[in-house]
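Peer 1: Let me begin by handing over the structure; questions about it come next.
A short reminder: the numbers here are calculations on the coordinates, not readings from a lab. Since the model is a prediction, treat every value here as computed from it, not as a measurement. With ideal geometry, Cβ positions are generated from the backbone for all residues, glycine too; neighbour counts draw on all protein chains shown.
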Amino acid sequence: MAPSAYIQPVVDSTSVFKADLFRGKVLFCTGGGSGICRAMTEAMMRHGADSVIVGRKLDRLTQTAKELSEATGRTCIPAQADVRQPQALKAAVEKTIEQFGRIDFVICGAAGNFLAPISGVSENAFRTVVEIDTIGTYNTMKATLPHVRASKGSYIHVSATLHYRGTPYQVHVSAAKAGIDALSAVLAVEEGPHGVRSNVIAPGPIGGTEGVDRLSLRGDSGSWTQQAHPAGRLGDVKDIANATIFLFSDAAAYITGQILPVDGGTEHLRAQFLPYPQALLDPASVQSMIKAKM
Ligand code: COA
């Protein structure tokens, strides 16, 4: 019988990184009301940062801010803004400065998505996603940059891996995320001399998020195969949070303009012609199949 595949552990950032790493620092996070960006914000707060979470739904933001403040002992405040509206974002930045006096870190994470083939994506639908993801990222960069320059701070943009190949039903998001990757590279190069870094985190499928639960026709996180991942499991929001802590820390001082896929190696897996991971865990079991082909 084949041995079972190793499953990489899910760890809390506080078990690896210093608790006061970001004490006195301030995070500005779009899309922080839920999902991956909420987890990134929570982790930053557990390491001492205060935060502002930005989104369209004030109720959800207010509730999340309360929960994050209670859970971490730091301060999180909500700022309602649609990232498609530059003036609203500027107001959110002003609110941040009034409250905390600075911005050290920015997460550009607000995003929109739905499943539809090119024939089912209207011009307005395509534009809407590019406006939220790509132009929203640009608007967030513009609104925050003077403050991030002043603090010699850092950006993380939340992108994806799906545009590395042709992902069906994702034409709008593929174009939008490719744009985000490009924006980050230019920001890194232009702002490097001012002491600002910019990187992209590209999450693979992350369990329990809208991306997997709402968008995938393959069912919820629990029904996804645990075996088709080199890391042995689906991603967890803590995997993205841990990458965030590292990239915002001084340990990543020489890393800028980069794209870091956090996907457990899934993007590299091309094993359509082999039983995976059986062929690696129990090579003898596939020998007869190979012999028959050769
Ligand atoms: N299939 C095809 N087109 C769709 C669609 C779907 N499932 N959902 C929305 N659209 C189209 C709309 O029909 C409209 O186009 P039209 O004017 O030609 O009819 C266009 O997209 C804009 O939709 P609207 O609902 O007015 O935009 P919105 O700004 O309120 O919502 C979305 C933005 C479309 C991204 C929406 O899905 C959303 O807000 N999602 C929540 C956030 C999210 O997606 N999170 C997941 C991140 S992975």
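Peer 1: When the range 113-129 is examined, which residues are found to be among the polar types (S, T, N, Q), without any contact (Cβ under 8 Å) to a residue 60 or more places away in the chain and near the ligand (Cβ under 6 Å from one of its atoms)? Can you show your working first?
Peer 2: Going residue by residue through the range 113-129, those that are among the polar types (S, T, N, Q) are 113, 119, 122, 124, 128.
Filter once more, keeping what is without any contact (Cβ under 8 Å) to a residue 60 or more places away in the chain: 119, 122, 124, 128.
The answer is SER122, ASN124, THR128.
Peer 1: State yes or no: is GLU94 surrounded by fewer than 16 Cβ atoms within 10 Å (Cβ to Cβ), of a type in the set (Asp, Glu), more than 24 Å from LEU145 (Cβ to Cβ) and more than 16 Å from the ligand (Cβ to nearest atom)?
Peer 2: So GLU94 does not fit the description; no.
Peer 1: Right, something else. Just for the range 97-112: of the residues that are within 17 Å of the chain's Cα centre (by Cα) and more than 10 Å from the ligand (Cβ to nearest atom), which one is nearest to GLY179 (Cα to Cα)?
Peer 2: Only one residue tops the list, namely CYS108.
Peer 1: Now, a different point. If a residue must be more than 21 Å from HIS268 (Cβ to Cβ) and within 13 Å of the ligand (Cβ to nearest atom), how many such residues does the range 153-172 contain?
Peer 2: 3
Peer 1: Here's something else I'd like to know. What residue, of ASN113, ASN139, is within 30 Å of GLY265 (Cα to Cα), of a type outside the set (D, E, K, R) and surrounded by 15 or more Cβ atoms within 10 Å (Cβ to Cβ)?
Peer 2: ASN113
Peer 1: Test THR64 against the stated conditions and say whether it is more than 21 Å from VAL186 (Cα to Cα), in contact (Cβ under 8 Å) with a residue 12 or more places away in the chain, within 11 Å of the ligand (Cβ to nearest atom) and not in a strand (DSSP E or B).
Peer 2: Judged against the criteria, THR64 is not a match.
Peer 1: Quick test of your reading of the structure: THR167 fulfils all but one of (1) surrounded by fewer than 19 Cβ atoms within 10 Å (Cβ to Cβ); (2) assigned to a helix (DSSP H, G or I). Name the failing condition by number.
Peer 2: Condition not satisfied by THR167: (2).
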